[in-house]
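For reference, the structure discussed in these notes is given below.
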Amino acid sequence: MAASGPTMTADPGTDLVAEADAAYSRVVLDPARYTAAAGEIVELARRTGNDEALIAGLRALAWTRHAILDNETAKSLLDQAARLATRNGLHRRLGEVLLTRSVALQELGRYPAATRDLRRAANLVSSHQRPELLMQLAILDHNAGRVLAAARQYRLVLAEPACPPVIWVKAANNLSYAQTQLGRPQAALAYLDRAASLASELGPMLSAVIENSRAWSSFHAGRFTESLRGFEEAGRLYTAAGLPLGEHYLDYTDALAELRLLDEAAAVARLAAADLERHGARLMAAEARLRCARLALALGDTGSARADARSAPCVTSGGSAAPLGRRGPSSPPWRRALSWTVSPPWRYADSVTRRPHCIVSAYGPTRWRLIWLPGGRRWPRTSGGGRGAT
């Protein structure tokens, strides 16, 4: 959905730095609506030679790319911003850029680089950004499979007296995923109920992510009918917010597969793969293709299973993707991919332990539900990494 919303214009007498900071605050809550405005500020800052405004504007524009899973472009924009901040000795701005770049790096599977950015940022950002820093560190733990440590960190974020509402919602979302992974879906739903009320005041993106998370935790609490209704509503909210649907479809696929609705799960998995491929989210697209392959195999369609597994990329050491068929000569790559399937074939090893929704990612997460809304998945990992809000 290509929503644009009102654009912001600024003449040379306007405080362009303040405009750029406001643009970032807006795109974090409603990226589809304010993408054009962020682009305008970047262009104006370039024309007027205002480097500080350009740094803040590039950060805002990068978030809009992250929101649609284009983390390669987001990183490129943030690399520009980091160079500018370093050249101008703008240490606080550099810290802000590093915080945001760590989100894109996690989404790209580059965890050591994300860790380095966060360590540098810790010495640069202001005290009011401490909750965001703590949350990103928690997401690193979560994506590394240290779920208990991540949950402790999320609670620290929620306990911060000056925690901004948007960070509180994201941390509550991610903590709910951790609780569900730890077998406590009812506790997860309690956090999500509180987060939903606050998210409704903040913007459509957070509301969509929270609804999707509620559907996921409801499923693991045994509320199957409520869960399926929730996934349908989450899909509507994602569409209304102009967000990619791929991660939502992955969650929905898992729920349908667990209920042995294999034909329906296979159809939704193909929607996920198509959406993620369209947005260039290679790692998640590979995950979706492997889901397609597993489901095709469970349905007895070995030809489709082979084709899907062959088309799924693998991850190189740098976090980039290459087709599974290039992995090596030892055994057919589609068979190696399908060997990740557990028995019985409709049971997903990663159905509960996936990365939290970086909702935020993404949408953390991301997305994994690590919400940075967006959030980064570990790859490959049969037990999953979870998605969350970033």
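The values are calculated or read from the model by the stated rules, or taken from the named source; none is laboratory data. Only a predicted model underlies this, so the values are computations on that prediction, with no experimental measurement involved. Cβ atoms come from the backbone with ideal geometry, glycine included; neighbour counts cover every protein chain shown.
Looking only at region 177-221, filter to residues that are of a type in the set (S, T, N, Q) and under 21 Å from residue 142 (Cβ atoms); which one of those is surrounded by the most Cβ atoms within 10 Å (Cβ to Cβ)?
Kept after step one, since they are of a type in the set (S, T, N, Q), are these residues of region 177-221: 179-181, 186, 197, 200, 207, 212-213, 217-218.
Keeping just the survivors that are under 21 Å from residue 142 (Cβ atoms) gives 179-181, 186, 212-213, 217-218.
On the way: 179: 24, 180: 29, 181: 27, 186: 14, 212: 28, 213: 35, 217: 26, 218: 25.
This residue is 213.
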Notebook entry, point to check: In this structure, is residue 285 within 28 Å of residue 113 (Cβ to Cβ), at pLDDT 95 or above and either assigned to a helix (DSSP H, G or I) or over 23 Å from the mean Cα position of the chain (by Cα) (or both)?
Noted result: no
Margin query: If residue 126 satisfies all but one of (1) of a type outside the set (Val, Ile, Thr); (2) modelled with pLDDT under 95; (3) over 23 Å from residue 91 (Cα atoms), what's the number of the condition it fails?
Written below: (3)
Notebook entry, point to check: Does region 265-282 contain at least one residue that is modelled with pLDDT of 95 or more and not in a helix (DSSP H, G or I)?
Noted result: no
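Among 86, 100, which is the only one that is within 21 Å of residue 247 (Cα to Cα) and either hydroxyl-bearing (Ser, Thr, Tyr) or not in a helix (DSSP H, G or I) (or both)?
So the residue among 86, 100 that is within 21 Å of residue 247 (Cα to Cα) and either hydroxyl-bearing (Ser, Thr, Tyr) or not in a helix (DSSP H, G or I) (or both) is 100.
May I ask you to say which residue of 240, 234, 267 is surrounded by 17 or more Cβ atoms within 10 Å (Cβ to Cβ) and among the small types (Gly, Ala, Ser)? Can you show your working first?
Working: 240 fails: surrounded by 17 or more Cβ atoms within 10 Å (Cβ to Cβ); 267 fails: surrounded by 17 or more Cβ atoms within 10 Å (Cβ to Cβ).
Result: 234 is the single residue among 240, 234, 267 that is surrounded by 17 or more Cβ atoms within 10 Å (Cβ to Cβ) and among the small types (Gly, Ala, Ser).
Any residue that is touching a His at 6+ places or on another chain (Cβ under 6 Å) and not small (Gly, Ala, Ser) - is there at least one of those in region 139-156?
no
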Item checked: Residue count, region 154-175 (criterion: crowded, with 24+ Cβ neighbours inside 10 Å and of a type outside the set (Val, Ile, Thr)) -> 7
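For region 222-231, what are the residues that are among the hydrophobic types (A, V, I, L, M, F, W, C) and surrounded by fewer than 17 Cβ atoms within 10 Å (Cβ to Cβ)? Walk me through it before giving the result.
Applying the first criterion (among the hydrophobic types (A, V, I, L, M, F, W, C)) to region 222-231 yields 224, 228, 231.
Result: 224, single match.
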Next item on the list: Would you mind stating whether residue 294 is buried (at least 18 other Cβ atoms within 10 Å of the Cβ), in contact with a Phe, Trp or Tyr (Cβ under 6 Å, 6 or more places away or on another chain) and either part of a loop (DSSP other than H, G, I, E, B) or of a type outside the set (A, V, I, L, M) (or both)?
Entry: no
Next item on the list: Quickly run through region 116-131 and pick out the residues that are over 23 Å from residue 165 (Cα atoms) and either out of contact with any Ser or Thr (no Cβ under 8 Å at 6 or more places or on another chain) or among the basic types (Lys, Arg) (or both).
Entry: 116, 119, 120, 123
Next item on the list: State which residue is farthest from the chain's Cα centre (by Cα) when the search covers only region 141-160 and only residues that are farther than 23 Å from residue 110 by Cβ and small (Gly, Ala, Ser).
Entry: 159
Next item on the list: Just one of (1) in a helix (DSSP H, G or I); (2) farther than 19 Å from residue 197 by Cα trips up residue 243, so point out which.
Entry: (1)
Next item on the list: For residue 210, work out the one condition from (1) among the β-branched types (Val, Ile, Thr); (2) more than 21 Å from residue 390 (Cβ to Cβ); (3) under 19 Å from the mean Cα position of the chain (by Cα) it doesn't fulfil.
Entry: (2)
Note to self: Of the residues 93, 101, only one is buried (at least 23 other Cβ atoms within 10 Å of the Cβ), of a type outside the set (A, V, I, L, M) and over 17 Å from the mean Cα position of the chain (by Cα); which?
What the structure shows: 93
